[in-house]
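The values are calculated or read from the model by the stated rules, or taken from the named source; none is laboratory data. None of the values given here were measured: they were computed from a predicted structure. Using ideal geometry, Cβ is built from the backbone for each residue, glycine included, and neighbour counts are taken over all protein chains shown. All accessible areas refer to the heavy atoms of the entire protein, side chains included, with ligands and DNA or RNA removed. Shrake-Rupley method; radii C 1.70, N 1.55, O 1.52, S 1.80 Å.
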Amino acid sequence: MKSEHILSRRGFCLCCVGAAGFAATGWLSPRAAYAEARGIVSLIKDSAAKSVISAHKLRNGVTVLEGSGGNVAVLSGNDGLVMIDAGISISRKQMTKALADISPEPVTHLINTHWHFDHADGNSWIGTDTTKIIAHENTRKYLSQVQRVEDWDYNFLPLHGNGVPQHVFSNEHALTLNGETLALKYYGPAHTDGDISVLFSEADILHVGDTFWNGIYPFIDHSTGGSIGGMIAACEANLLVSTNNTIIIPGHGNPVSTRSELQGFRDMLVAIRENVATLKHQGRTRDEAVAAKPTAAFDAKWGQFVIDPAFFTRLVYEGV
Ligand SMILES: [Zn+2]
């Protein structure tokens with residue numbers, strides 16, 4: 001059963017919820033998709049409520065926490081805890097413990113890589129009067145209003161009060177905290193049109209949000225400006241600012257990843273875009289393109305998670 005498959009893996013993304021529904025049953029009627037998505041959201045929340053959060057200590061006071069939606073980075077030091085992404089609220093108890101295990105200091109800064117639920121839902125409990133939440137301006141826009149994701153026929157409710165990012169930027173933003181220079185950079189439209197990277201400059205650690213899913217086909221959110229071309233451009237930007245010494249934190253998949261794995265992800269996206277574009281330009285319909293299996297050479301390695309080959313083909317088709 002598909003839901004068991006989802007729950008058997010950590011680091012799932014709400015991005016994948018609708019995908020699982022489609023993967024299990026083909027294209028659902030809007031009503032069926034809605035019912036299925038709601039059911040799986042509940043399952044994911046129930047699972048996250050019980051899920052263990054594992055900590056991976058990196059270097060220069062940076063730790064990655066895995067197990068509450070997307071991978072969360074935490075920088076500790078005298079300025080308090082600095083979080084990159086917030087996970088899902090339902091795992092508040094485990095997240096509170098995981099943070100306390102790093103340091104007793106409060107969270108003073110929270111940076112959102114993009115608006116998706118599995119990265120920003122935790123804003124609602126982490127945000128206080130004294131927590132600075134920082135994001136791209138489009139991320140604040142999406143977190144401030146009812147946000148519809150057409151591919152899932154699903155409406156996300158806005159965050160309230162202290163959970164909404166108060167500090168936004170449009171292109172670049174730099175901060176110095178805990179002896180580390182944090183360089184925040186907007187990608188332009190990629191997985192959404194609000195994605196940013198966060199570079200811990202001295203530590204040489206790069207959090208790339210959902211522009212990289214290590215070892216699994218990614219979701220691409222067309223409802224808020226994502227596309228396959230934007231994903232590839234973001235990968236190229238990530239490759240430009242990293243070296244073989246850089247630790248790369250992807251949104252999903254192994255939280256401690258390398259540049260060569262990122263290169264493999266980029267090459268996979270480029271090859272599949274080419275295959276799907278060829279089919280579309282030949283006049284094949286979306287279903288015909290899926291039937292032609294343009295991802296076949298990559299499925300054994302990348303198609304084992306909730307964005308399955310057929311769903312990924314549809315996502316790419318939409319953007320070429
Ligand atoms: Zn996402």
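Tabulated data
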{"quantity": "Boolean, I133 is open to solvent by less than 10 Å² (accessible area, probe 1.4 Å), β-branched (V, I, T) and within 16 Å of the ligand (Cβ to nearest atom)", "calculated": "no"}
{"quantity": "Which listed residue is touching a residue at least 12 places away in the same chain (Cβ under 8 Å), buried (at least 21 other Cβ atoms within 10 Å of the Cβ), over 21 Å from A55 (Cβ atoms) and more than 16 Å from the ligand (Cβ to nearest atom), from V276, V241, V270", "calculated": "V276"}
{"quantity": "Output for region 186-229, where each listed residue is of a type in the set (G, A, S), away from the ligand (no atom under 13 Å from the Cβ) and under 30 Å from T176 (Cβ atoms)", "calculated": "G188, S197, S201, A203"}
{"quantity": "Residue in region 109-121 that is part of a strand (DSSP E or B) and among the charged types (D, E, K, R) present", "calculated": "no"}
{"quantity": "Residue in region 204-229 that is nearest to A277 (Cα to Cα), counting only those that are in a helix (DSSP H, G or I) and open to solvent by less than 10 Å² (accessible area, probe 1.4 Å)", "calculated": "I228"}
{"quantity": "Region 260-290, residues that are touching a helix residue (DSSP H, G or I) at 6+ places or on another chain (Cβ under 6 Å) and small (G, A, S)", "calculated": "A289"}
{"quantity": "Identity of the residue in region 245-255, more than 16 Å from the ligand (Cβ to nearest atom) and in a strand (DSSP E or B), that ends up least open to solvent (accessible area, probe 1.4 Å)", "calculated": "I248"}
{"quantity": "Filter result for the condition that a residue is away from the ligand (no atom under 16 Å from the Cβ), touching a residue at least 40 places away in the same chain (Cβ under 8 Å), open to solvent by 20 Å² or more (accessible area, probe 1.4 Å) and not charged (D, E, K, R), over V146, V168, V164, V107", "calculated": "V164"}
{"quantity": "Options N138, N155: the member that is out of contact with any strand residue (DSSP E or B) (no Cβ under 7 Å at 6 or more places or on another chain), more than 16 Å from V72 (Cβ to Cβ) and open to solvent by 20 Å² or more (accessible area, probe 1.4 Å)", "calculated": "N138"}
{"quantity": "Per-region count, region 96-108, residues within 11 Å of M83 (Cα to Cα) and assigned to a helix (DSSP H, G or I)", "calculated": "1"}
{"quantity": "Residues within region 67-82 that are under 21 Å from F200 (Cα atoms) and either out of contact with any helix residue (DSSP H, G or I) (no Cβ under 7 Å at 6 or more places or on another chain) or within 16 Å of the ligand (Cβ to nearest atom) (or both), tallied", "calculated": "10"}
{"quantity": "Residue satisfying all of: in region 122-157; in a strand (DSSP E or B) and farther than 20 Å from E172 by Cα; modelled with the highest pLDDT among these", "calculated": "Q147"}
{"quantity": "Residue check for T258: under 30 Å from I247 (Cα atoms), of a type in the set (V, I, T) and either touching a Pro at 6+ places or on another chain (Cβ under 6 Å) or buried (at least 18 other Cβ atoms within 10 Å of the Cβ) (or both)", "calculated": "no"}
{"quantity": "From the options L199, L184, residue that is closer than 24 Å to T128 by Cα, part of a strand (DSSP E or B) and under 18 Å from the mean Cα position of the chain (by Cα)", "calculated": "L184"}
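For (1) farther than 21 Å from I248 by Cα; (2) part of a loop (DSSP other than H, G, I, E, B); (3) at pLDDT below 90, each residue gets a yes or a no:
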{"residue": "V41", "(1), (2), (3)": "yes, no, yes"}
{"residue": "A55", "(1), (2), (3)": "no, no, no"}
{"residue": "S68", "(1), (2), (3)": "no, yes, no"}
{"residue": "M83", "(1), (2), (3)": "no, no, no"}
{"residue": "A86", "(1), (2), (3)": "no, yes, no"}
